[in-house]
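J.: One structure, pasted below without further comment.
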Amino acid sequence: MESNAKPQRKHPPRRDRRRTKTVRHLQKWIGRQGRNLSGEFLRGAAYKLGSGAVTLIILWWQTRR
């Protein structure tokens, strides 16, 4: 009995290799982002705190005038 299935290539086509490489790169990038989450949170908190402090200084300056 003959099979109608297409013969499988021995080597994956170029785009399959590129897709595999891209997926691997994205997985590594996502992993790095997960480890930096607490650092990003602290950076955001410091930014908000600094922004609030500047706002208070401006308000204080305006009320003195």
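Quick note: the coordinates plus some simple rules give every number you see, no bench work behind them. Predicted model, so just to flag it, every value in this text is computed and none were measured. All Cβ positions, glycine included, derive from the backbone under ideal geometry; neighbour counts span all protein chains shown.
J.: Take the Cβ-Cβ distance between R19 and R43 as r, set R0 to 35 Å, and report the resulting FRET efficiency rounded to the nearest 0.05.
T.: With R0 = 35 Å, the Cβ-Cβ based efficiency is 0.55.
J.: In nanometres, what is the gap between the two model label sites at L26 and K6, each 7 Å from Cα along Cα-to-Cβ?
T.: 2.3 nm
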